[in-house]
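Could you have a look at this structure, given as structure tokens, before my questions?
The values are calculated or read from the model by the stated rules, or taken from the named source; none is laboratory data. Given the structure is predicted, the values throughout are model-derived calculations rather than measurements. Note: ideal-geometry Cβ built from the backbone for every residue, glycine included; neighbour counts use all protein chains shown. Accessible surface areas use protein heavy atoms only, side chains included; no ligands, DNA or RNA. Shrake-Rupley method; radii C 1.70, N 1.55, O 1.52, S 1.80 Å.
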Amino acid sequence: MTRSILQSLKVIFKTDVRVFVYPSSATGAWEAALTNTLSPGDRVLLFEHGFFAFKWARVAERLGLTVDLVPGDWRVGLDAGALRERLAADPDHLIKAVLVVHNETSTGVTTRIPPLRGAMDEIGHPALLMVDAVSSLAATDLQHDGWGIDVTVSGSQKALMLPPGLSFTAVSEKALQASTNAALPRSYWDWGDMVRFNDNGFFPYTPATNLLYGLREAAAMLEEEGLERAFARHARHAEATRRAVDAWGLENVALNANEYSNAATSVFVPDGSDADHLRRIILDRFDMSLGKGLGQLEGRVFRIGHLGDLNDLTLAGTLAGVEMGLRAAGVPHRAGGAQLACEFLSDIPLENDG
Ligand code: PLP
């Protein structure tokens, strides 16, 4: 079972190299990515384009790495020009890794990865490219090998449709090679142990067996649906959600249409309204839990998740719940967004649905 699960994950990450599974949340995979490839004091570069980029930077700092955290606008993705500029200013190649969050779950902004790899290649900078795909994997295209990513981390509880408790780490040959010299201390997270045991179909310690059974089923569901089709399903539900948000007269946090997230949409409440009050009313009255505004967006934003095991009717229920909550909480808005989204879903089926 282990071998077949690891093979399925390679298909989902679009890699021919290796994927590791830890019985941990995704934060553990963040730590594994760093401790396996870097040495104390090594410099890593991040751009603060959301809450999770900031949190990954904190993990790196605590591990004794030198962190260049470039302040940024949370409403847009990481720009390849900004990355090129930073790396060009590092002729001695002191920066050992660039850490990027693919889909910022806090903002609903998806950063395009290929232009970042392009910028690194263009100036021949050898830093490792590490990508957080926690809320993008299986919701939006991600090509670990094709995009030249060295370490991609993800978790079970988003588009993989599982409970929390498993993390996934896809690695490149270059990252595996780096792990043979990396001097940060590690034991539980050591890739070397994983490689030795996984090759025999085992793990170096007790695996989260129940979750692995779930993972086997989730991978089978994705295979049956087809990965590209799962991306299209997510894109369509994201589009329906944005149509509702626009119709309510509310503002999407994501500014650029080519960076809209397939996985989640973050929405500003109007000035003078409290997003957490709205969320509380929706939870109390309709038993639906919306994501809160994180970090600098606290109280100003609520988040609609539309990833994983979701269909037209679950989305319609979600958007109806939001609209009922907006009304019940007295948040200024225009009525009819949920209806409009339903019309979009009725009129425009997922391609090939007939
Ligand atoms: N990165 C992103 C983009 C996330 O959305 C999350 C959690 O929501 C994490 C990292 C942290 O993952 P975990 O809570 O599984 O440790």
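Please list, in order along region 42-55, the HN-Hα scalar couplings obtained from phi with the Karplus expression 6.51 cos²θ - 1.76 cosθ + 1.60 (θ = phi - 60°), rounded to whole Hz, x for Gly and Pro.
Along region 42-55, the couplings run 3, 9, 10, 10, 9, 10, 7, 10, x, 5, 6, 4, 4, 5 Hz.
Protein chains only, probe 1.4 Å: how do Thr35, Thr180 rank by accessible area, largest first?
On the way: Thr35 5, Thr180 95 Å².
Descending order: Thr180, Thr35.
Take the alpha carbon atoms of region 8-53, find their center, do the same for region 65-133, and report the distance between the two centers in whole angstrom.
Cα centroid of region 8-53 versus Cα centroid of region 65-133: 14 Å apart.
Could you give the size of the charge dipole of region 2-224 about its Cα centre, using +1 on the Cβ of each K and R and -1 on the Cβ of each D and E, expressed in debye and rounded to the nearest 20?
360 debye
Here is a follow-up. Out of all DSSP beta bridges with both ends in the chain, state the antiparallel percent to the nearest 5.
Antiparallel: roughly 55 percent of the beta bridges in the chain.
Next up: If you stretched the chain out fully between Asn200 and Met324, how much longer would it get, using 0.36 nm times the residue separation minus the C-alpha to C-alpha distance? Please report the intermediate quantities before stating the final value.
Working: separation 124, 0.36 × 124 = 44.64 nm, distance 5.36 nm.
That pair, Asn200 and Met324, stretches by 39.3 nm at full extension.
Then there's this: Starting from the exponent 0.38 and prefactor 2.2 Å, build the expected Rg for the chain from its residue count and divide its actual Cα Rg by it.
1.00
Working from Cα positions, state the angle (0 to 90°, nearest 10) between the long axis of helix 26-37 and the longest principal axis of the chain.
Relative to the chain, helix 26-37 is tipped by roughly 20 degrees.
Moving on to the next point. How many nm separate the modelled label positions at Asp121 and Glu61, each set 7 Å beyond the Cα in the direction of the Cβ?
Between Asp121 and Glu61, the label points sit 3.4 nm apart.
Two decimals, Cα atoms only, Kirkwood Rh: what is Rg/Rh over region 125-251?
Radius of gyration over Kirkwood radius for region 125-251 works out to 1.05.
Also, I was wondering about something else. Describe numerically, in nm with one decimal, the distance between label points set 7 Å from Cα along Cα→Cβ at Asp73 and at Asn256.
Distance between label points: 0.9 nm.
What is the distance, in nm, between label points placed 7 Å from the Cα along the Cα-to-Cβ direction at Lys174 and at Tyr188?
3.0 nm
What Kirkwood hydrodynamic radius, in Å, does region 227-347 give when the mean of 1/r is taken over all pairs of distinct Cα atoms and then inverted?
14.3 Å
If you don't mind, there's one more thing I want to ask. Round to the nearest 0.05 the FRET efficiency obtained for Phe286 and Gln7 when R0 = 56 Å and r is the Cβ-Cβ distance.
0.85
Using 0.36 nm per residue, how much length does the chain from Asp347 to Asp92 gain when fully extended, once their Cα-Cα distance is taken away?
On the way: separation 255, 0.36 × 255 = 91.80 nm, distance 5.64 nm.
Contour length minus the Cα-Cα distance gives 86.2 nm.
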